[in-house]
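The values are calculated or read from the model by the stated rules, or taken from the named source; none is laboratory data. Nothing here was measured: the structure is a model prediction, and the numbers come from that model. A quick note on method: Cβ atoms are made from the backbone with ideal geometry, for glycine too, and the neighbour counts reach across all protein chains shown. All accessible areas refer to the heavy atoms of the entire protein, side chains included, with ligands and DNA or RNA removed. Shrake-Rupley method; radii C 1.70, N 1.55, O 1.52, S 1.80 Å.
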Amino acid sequence: MTVRIGSVWDSTQQVLAGRVGMLAPFAAIGFILPAVLQAIFAPQMGMAEASVGASGARLLITLTSVVLGIWAQLAIMALATHPATTSAEASRTAMRRFLPLLGVAVVIGLVIALAIFVPLVVLGLTGFDFQQAVAAQGNPALMPPVPPAAGLFLMVYGVAALVLGFWLMARLMLTYAVVLNERRGLGAIRRSIALTRGMTWRLIGVAILFAIVIFVAVAAAQGVSAILFRLILGGDSQALVLGLTTLIGAVVSAGFMTLAYVFIARLYVATAGEQVGGPTTGGLSTS
């Protein structure tokens, strides 16, 4: 079955137009609230950086942001996947599939961390001076030389990792949707690769375009709002200006994140076809 990105986009627009009132609360809680918490508590924690309590509070805010973000992502995709799904059903489904998705995300994160760790091991084996590199604090003139053999490896490894990263970004795009709808764990990775077969380059293009658009939109919104807030509040209200600017950026980012997860949900529906179950069935059986 051939899936047209244009058709998926049309379906995404229909969902956004018909269910924006249901999607907005999840986006606000999952994407905007964490940014607000960071804006409120980060300056206070920065003034007491050495405090154990400040470190604990920072960790708590980070964990809260992760939990709310994953829950919102799953709920938004549940609403976008099945037109009969209510907000309450989407929330319950998101909570039910939270731990399986977290497990899959941890495994993917560990693989990425391992891939990042490989160049460090190679540099260490070739005698690279990490202490001098840390002391240089990013100053190129003070950085220790990289051994030629390690430099060649890092160049080849970096190009290969970049190519593989783009491929994985496209082929694993439906992993969350599969975990949500098909009651799969790590098997969701293989299932996502199967569903996106033949779409790699198109999905890479969509992902790159989306990243560029969201970066420009958020940067423009924050830049313009910062100027306006400074003119309105004056130069003595830097903290308030920063907080309001962060809020504006979070709102714009939340809108694009909601768009992204609705698109992923509709892409899953288009690729899985008639196999997609209804909201009361809990998705597909893996049997």
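The mean accessible area for residues of the chain, using a 1.4 Å probe and ignoring ligands and nucleic acids, is 55 Å² per residue.
Considering only L99, V178, L125, whose Cα is most displaced toward the positive end of the charge dipole of the chain, charges sitting on Cβ of Lys, Arg (+1) and Asp, Glu (-1)? Positive-most Cα among the choices belongs to V178.
Can you list which of the DSSP-assigned H helices in the chain have a Cα extent of 20 Å or more along the long axis and an average Kyte-Doolittle score of at least -1.0? For the chain, where a helix must reach 20 Å along its axis and average at least -1.0, the hits are 5-27, 33-47, 52-81, 98-125, 148-171, 200-233, 238-272. Taking amide H as placed 1.01 Å from N in the peptide plane, the amide H of R183 sits under 5 Å from that of L284, each at least 5 places away or on another chain. Once the convex hull of all Cα atoms in the stretch 107-206 is built, its volume per residue stands at 140 Å³.
Electrostatic tally near L101: other residues with Cβ closer than 13 Å to its Cβ, Lys and Arg +1, Asp and Glu -1, net +3. Neighbours of T258 by Cβ distance under 15 Å: Lys/Arg scored +1, Asp/Glu scored -1, total +2.
First check a/c for the chain, with a ≥ b ≥ c the square roots of the eigenvalues of its C-alpha gyration tensor; if it is under 1.5, answer rounded, and if not, answer prolate when a/b is larger than b/c or oblate otherwise. Judged from the Cα gyration tensor, the chain comes out oblate (a/c at least 1.5, b/c at or above a/b). Taking the accessible area of the chain, probe 1.4 Å, and keeping the other protein chains in place, the carbon and sulfur fraction comes to 73%.
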